[in-house]
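Each remark here refers to the structure printed beneath this line.
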Amino acid sequence: MTDYRKAVMIGCGFVGSATVFSLMQSGLFSEIAMIDADTGKAEGEAMDISHGIPFARQMKVYAGTYEDVTDAGLVIVTAGANQKPNETRLDLVNKNVAIFKQIIPEIAKRNFEGILLVVANPVDILTHVAQKLSGLPENRVIGSGTVLDTGRLKYSLGEHLGVDSRSVHAFIIGEHGDSEIAAWSSANVSGIPLNDFCEMRGHFQHEKAMKDIAEQVKNSAYEIIQRKKATYYGVAMAVRRICEVIVRDEKSILPVSTVMRGEHGIDGVVLSMPCIVGREGIETKVPIPLSEKEEEQLRESAEVLKTIVDRLDI
């Protein structure tokens, strides 16, 4: 029986461990099993995180095995090579596809009936790989997609406008990477069109501001990696949010990686679009309005990803 209070984290590097730490604080799960190719690493991280339980809520965090997958409600995969300075997410493809060829079949053979959440990069490509290798229904294989990028966009807009970022409603769509698109056409602040709100706050150079903020969001991971070699806190919070939506069956709208089936003229490519997400995974895509330019950019982003996928041996 699937237990949605149980999660399995596969990969105990910076992202995996930071995510489990965040999930431990959330009280969302009653147990989290941690799996890593380096068993000692999984054991050490589980021990360290467990020592914080007396300051949070009672639960079990432990080093597990693939047998823990069988009854888990959520399996989160962060395992993979780290992105290095001057390396794009797409540069990681071959290394991480090889790792997924070892991991995903181990999940598939255990009759897993929960949600498979892919976080490792390049997340869109690896979500596609996980779908193919696992044989799971498409709605139950989700990539973390542009949830973090969207958070970065909301943060930057909140700072620019001097307003609570939670009142900003805007999405990054497409690839989680260099071809991502800021969907300005649908952006608003508490229902007020973005440009109108900007002018209300004394900002009138809309085109320049949008270009600067979009570039800042797209390049932020590179800048963090250049300074501290890895990003993990922001993505840990993004993954925590996705987990909350699934476990609580919130049916919230998140820009997660999902396979396109003809929407916007794109078919068979996994990329991020706003979707209603809940206990069953992805319920449906949400058709946000896009300008002609944004539509064109989305199709170009899909083509970038399709070119990579077509070269893979899966």
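Computed from the coordinates by the stated procedures, all read-outs in this text should not be read as laboratory data. Since the model is a prediction, treat every value here as computed from it, not as a measurement. Cβ atoms come from the backbone with ideal geometry, glycine included; neighbour counts cover every protein chain shown.
Considering region 144-252, its Cα convex hull presents a mean projected area of 7.4 nm².
Distance from a point 7 Å along Cα→Cβ of Tyr62 to each backbone N in region 73-112: keep the residues under 17 Å and list them by number. Output list for this probe position: 73. With kT/(6 pi eta Rh) evaluated at 4 °C and eta = 1.567 mPa s, and Rh the Kirkwood radius from Cα pairs, region 222-263 diffuses with a coefficient of 103 µm²/s according to Stokes-Einstein.
In a simple Cβ point-charge model (Lys, Arg +1; Asp, Glu -1; nothing else charged), region 182-314 has a dipole of about 640 debye relative to its Cα centre. When the alpha carbon gyration tensor of region 190-244 is reduced to an equivalent ellipsoid, its three semi-axes come out at 29, 18, 7 angstrom, largest first.
Reported to the nearest whole Å, the Cα centre-to-centre distance from region 204-247 to region 83-155 is 18. Tell me the angle of helix 93-108 to the major Cα principal axis of the chain, expressed in degrees between 0 and 90 and rounded to the nearest ten. So the inclination is approximately 50 degrees.
Taking label points 7 Å from Cα along the Cα-to-Cβ direction, Glu215 and Asp164 give a separation of 3.3 nm. Axis angle, to the nearest 10 degrees, between helix 147-161 and the longest C-alpha principal axis of the chain: 40 degrees.
Values of log10 I(q)/I(0) for region 198-314 across q = 0.10, 0.14, 0.17 Å⁻¹ run -0.44, -0.88, -1.20, by the Debye formula with one identical scatterer at each alpha carbon and no solvent.
Go through region 190-267 and name the trypsin sites (Lys or Arg not before Pro) that are in a DSSP coil and have 15 or fewer other Cβ atoms within 10 Å of their Cβ. Here the sparse-neighbourhood loop sites are Arg201, Lys229, Arg248, Lys251.
Taking the Cα centre of the chain as reference, the dipole from Cβ charges on Lys and Arg (+1) and Asp and Glu (-1) amounts to some 560 debye. Would you mind classifying region 1-70 by shape? Square roots of the alpha carbon gyration tensor eigenvalues, ordered a ≥ b ≥ c; an a/c under 1.5 is rounded, otherwise it is prolate if a/b is larger than b/c and oblate if not. In terms of gyration-tensor shape, oblate.
Listed from fewest to most Cβ neighbours within 10 Å, the set Val8, Val245 follows the order Val245, Val8. Under the convention that each Lys and Arg Cβ holds +1 and each Asp and Glu Cβ holds -1, the size of the dipole of region 3-143 around its Cα centre is about 200 debye. Straight Cα distances below 24 angstrom link Lys84 to the lysines Lys41, Lys95, Lys101, Lys218, Lys228, Lys229, Lys306, with same-chain residues fewer than 8 positions distant left out. Could you give the angle, 0 to 90 degrees to the nearest 10, between helix 14-26's Cα long axis and the longest principal axis of the Cα atoms of the chain? That helix lies at roughly 90 degrees to the long axis. If you look at the Cα atoms of the chain, you get an Rg and a Dmax of 19.0, 58 Å.
Shape call for region 3-143 from the C-alpha gyration tensor, a ≥ b ≥ c root eigenvalues: rounded (a/c under 1.5), prolate (a/b greater than b/c) or oblate? Note, shape of region 3-143 comes out oblate. Between Lys101 and Met200, what FRET efficiency follows from the Cβ-Cβ distance if R0 is 51 Å, with the result rounded to 0.05? Efficiency for this residue pair is about 0.45.
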